[in-house]
Amino acid sequence: MSTLYISKLAKLAEQAGAANEDAFVKASAAMATTLSNKGLVHLYGSGHSVLPVQETFPRYGSYVGFNPLTDPRVMWHNVLGAGGVRELLWLERTEKYAEKFLDHQPLNEGDTIVIFGHSGRNASGIDTALYAKKRGMTVIAITAKANLDKPATHSSGKRLADAADIVIDTGAPIEDAIVDIKGWSRPVSGSSTVLAMIMMHELIARTAQTLADKGVELPVFASPTIAGVTLHDTDIIYGVYRERMIEAQSKHLDTFKKTMAAE
């Protein structure tokens, strides 16, 4: 029996890889520029789209310079009740909420942000994109262009793809699920989250190669199960990450003070 899900997913991933070549080049160049200037590549998503954020950093095979912006209020910790899905579904559609979260994050001019969102219609991602652009950041959206046929619901009239500088299409269908089951009325097995992760790992690899071509090497997390790698090595990398975050926070604070003084 051939695979029901894997074969379809692999085909979508291959198609997306070919379709996004120009976007991969532009996005990895922007990320490499940010990282070589000791800035941060921020990562944001809500709901299922938090998972590609967590998959990107910190993990083995990733490197210093990424900053996951994980807001627990738009991540579910329960199905029903407190911390449940219905709460986050309401909150991620509420305009201006994301700004309150982002005000405390070290987002600086020259940084890059990658925003994940399958539909690209939720206020959470759109607000984040608009907020980042006002602060002189490059905005990369990883979304499904199939959803661009749907009208915008945000007050700006924009969808995530409209608010971004660079758009990477996951190729996921609007339905998201890709396996038709005989005897069932709806397909099963979602594709958007896995495809978003694949697109992001392509960017991780391409950005690393772009940096290497410039003679820049960043500390990479490696598993202590590998011969010669210890937990101490991981602690050293966390120390480097902490220093970069302190620098970013300091720069963000200086900008905040200048803004307040101007007002």
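The values are calculated or read from the model by the stated rules, or taken from the named source; none is laboratory data. Note that the structure is a prediction, hence the values are computed from the model and not measured. Neighbour counts run over all protein chains shown; Cβ positions are idealised from the backbone, glycine included. For accessibility, only protein heavy atoms count, side chains too; no ligands or nucleic acids. Shrake-Rupley method; radii C 1.70, N 1.55, O 1.52, S 1.80 Å.
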Rounded percent of accessible protein surface that carbon and sulfur make up, the chain, 1.4 Å probe: 56
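Given Cα pairs under 8 Å that are at least 6 residues apart, what percent is the relative contact order of the chain? Before the final figure, lay out each step's value.
Values: 432 pairs, mean separation 60.8, N = 263.
23 percent.
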Out-of-range pairs (alpha-carbon distance over 23 Å; input K96/K133; K38/K96; K26/K96; K134/K158; K11/K214; K11/K133): K38/K96; K26/K96; K11/K214; K11/K133
Å² per residue, accessible surface of region 181-263 at 1.4 Å: 67
Positive dipole terminus of region 181-263, leading residue within Q249, W184, I226 (C-beta point charges): W184
Residue-normalised accessible area of region 1-141, expressed per residue, 1.4 Å probe, Å²: 46
Chymotrypsin sites (Phe, Trp or Tyr not before Pro) within region 180-263, DSSP loop, no more than 12 other Cβ atoms inside 10 Å: W184
Within the chain, percent of DSSP bridges classed antiparallel, to nearest 5: 15
Reachable lysines, given that their alpha-carbon falls under 25 Å from the alpha-carbon of K8 and they are not under 8 places away in the same chain: K145, K150, K182
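What 222 nm value per residue comes from the helices of the chain, counting each DSSP H run with n ≥ 4 as -39,500 (n - 2.57) and dividing by all residues, nearest 500 deg cm²/dmol?
About -14500 deg cm²/dmol.
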Point-charge dipole on Cβ atoms (K/R +1, D/E -1) for region 150-263, about Cα centre, debye to 20: 320
